[in-house]
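Written out below as structure tokens is the structure these notes cover.
The values are calculated or read from the model by the stated rules, or taken from the named source; none is laboratory data. Quick caveat: nothing in here was measured; it's all calculated off a predicted structure. Neighbour counts run over all protein chains shown; Cβ positions are idealised from the backbone, glycine included. Please note that ligands, DNA and RNA were not included when accessible areas were found on the heavy atoms of the full protein model with its side chains. Shrake-Rupley method; radii C 1.70, N 1.55, O 1.52, S 1.80 Å.
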Amino acid sequence: MEAEAKSGSLEDSWAFIQRPGEGCRTVPLAGHVGFDSLPDQLVNKSVSQGFCFNILCVGETGLGKSTLMDTLFNTKFEGEPATHTQPGVQLRSNTYDLQESNVGLKLTIVSTVGFGDQINKEDSYKPIVEFIDAQFEAYLQEELKIRRVLHTYHDSRIHACLYFIAPTGHSLKSLDLVTMKKLDSKVNIIPIIAKSDAISKSELTKFKIKITSELVSNGVQIYQFPTDDESVAEINGTMNAHLPFAVIGSTEELKIGNKMMKARQYPWGTVQVENEAHCDFVKLREMLIRVNMDDLREQTHSRHYELYRRCKLEEMGFKDTDPDSKPFSLQETYEAKRNEFLGELQKKEEEMRQMFVQRVKEKEAELKEAEKELHEKFDRLKKLHQDEKKKLEDKKKSLDDEVNAFKQRKTAAELLQSQGSQAGGSQTLKRDKEKKNNPWLCTE
């Protein structure tokens, strides 16, 4: 009973600790304390550590992705121009250290080389999705380490995806719709119409409406500039209506009036990059860098990464609550998963042992059967050998009998021949003797 009472009081105390907002009172201060300097401390710490921002540029080759990046950050990034002969889609990542005033920025630009250049574009989005997931996985593995160094870890998660749309003036390509649909749950997509000076103003307006309609009808969720902060709610709400941005990029400066301005010179006139009457480059720069860069970073961490992390942990067996809707502790989940793994391991070991025993028995049966066949074959060969040996012996005996008979016949023939020759010789001598005695026989 005492143990139950202690357990109950402990649970009550934990329940009280878990609800710190209940019964909280506001009390006045008698004087200056100093915690109002906390925002300044955070700013100083953030400035000293620096910031990182990662941009993914997705679009077909030749839409001016590199030029736009150079124009956005007012510098010249090193990079080799891409060709249209790539066998597949490759992601090229480059990191740069930028400094503006006393603020440092580690900027990573990831470009899709060869995107849209293949005849079969069915799997063009897969390398992009795999790259984004790989960055989430790397961050998750760093979080799960016993000794974490997240304050010095280079965060490579993609914070913004600039999706470059070809200025066709008609509608989105199916490649664009499929790719954006696969990416919208993993990254903040900001669609932009590249090289927007290739079509007229009226065509551009209709093209924007068509793109927005197709994105909505296909359920593609693009990044919406936040309107919950009063300081930026008005400008962000206005800029949301201008999506997708129609942009032009150029690092060439031309003298227009008395000023040097970034522009593109054509036979029919000049297009000014930073003139809002000519394109939406200024709007893109304001929204991407000057107003919502921190929100893009926050959305990446709190929305996209959290979704990936939750799915991964659920795959690993971690849950927030048990079937009775009671909270799970990490230790309980680990122990349950460990016991489950050990049980599966023992089960697999038993299955492998039984399989090994079964295979040994099968192999023994095969060997016995092979041994039996060998013995039978040996007996057959032995019997065959004996039969052949007997036949040969019989044949040899027959040949020996024939040889002996032949020798006997030969001896008898030689004896007869010698007797015959002796008889013939005696008759000849007798005739010669008679001829000598009777000469008249010679005349005859």
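Miscellaneous remarks
- Selected residue [among the hydrophobic types (A, V, I, L, M, F, W, C), surrounded by 14 or more Cβ atoms within 10 Å (Cβ to Cβ) and closer than 30 Å to PHE51 by Cα] from LEU177, LEU144, LEU140: LEU140
- Of all the criteria given as (1) within 19 Å of GLY169 (Cα to Cα); (2) surrounded by 19 or more Cβ atoms within 10 Å (Cβ to Cβ); (3) in contact with a Ser or Thr (Cβ under 9 Å, 6 or more places away or on another chain), the one not satisfied by ILE199 is (2).
- Residue in the range 61-75 that is at pLDDT 90 or above, of a type in the set (S, T, N, Q) and touching a helix residue (DSSP H, G or I) at 6+ places or on another chain (Cβ under 8 Å) present: yes
- Note on the range 103-137: residues that are over 21 Å from the mean Cα position of the chain (by Cα), open to solvent by 40 Å² or more (accessible area, probe 1.4 Å) and at pLDDT 90 or above amount to 2.
- Count - residues of the range 395-411 that are open to solvent by 90 Å² or more (accessible area, probe 1.4 Å) and among the acidic types (Asp, Glu): 1
- Counting residues in the range 126-134 that are hydrophobic (A, V, I, L, M, F, W, C), over 26 Å from LEU284 (Cα atoms), without any contact (Cβ under 8 Å) to a residue 60 or more places away in the chain and part of a loop (DSSP other than H, G, I, E, B) gives zero.
- Scope the range 259-268; condition in a strand (DSSP E or B) and exposed (fewer than 10 other Cβ atoms within 10 Å of the Cβ); matching residues: LYS259, TYR266
- Complete set of residues in the range 240-257 that are in a strand (DSSP E or B) and either farther than 20 Å from LYS210 by Cβ or open to solvent by 10 Å² or more (accessible area, probe 1.4 Å) (or both): GLU253, LEU254, LYS255, ILE256
- When GLN221 is tested against (1) of a type outside the set (A, V, I, L, M, F, W, C); (2) under 22 Å from ILE55 (Cα atoms); (3) exposed (fewer than 12 other Cβ atoms within 10 Å of the Cβ), exactly one condition is not met: (3).
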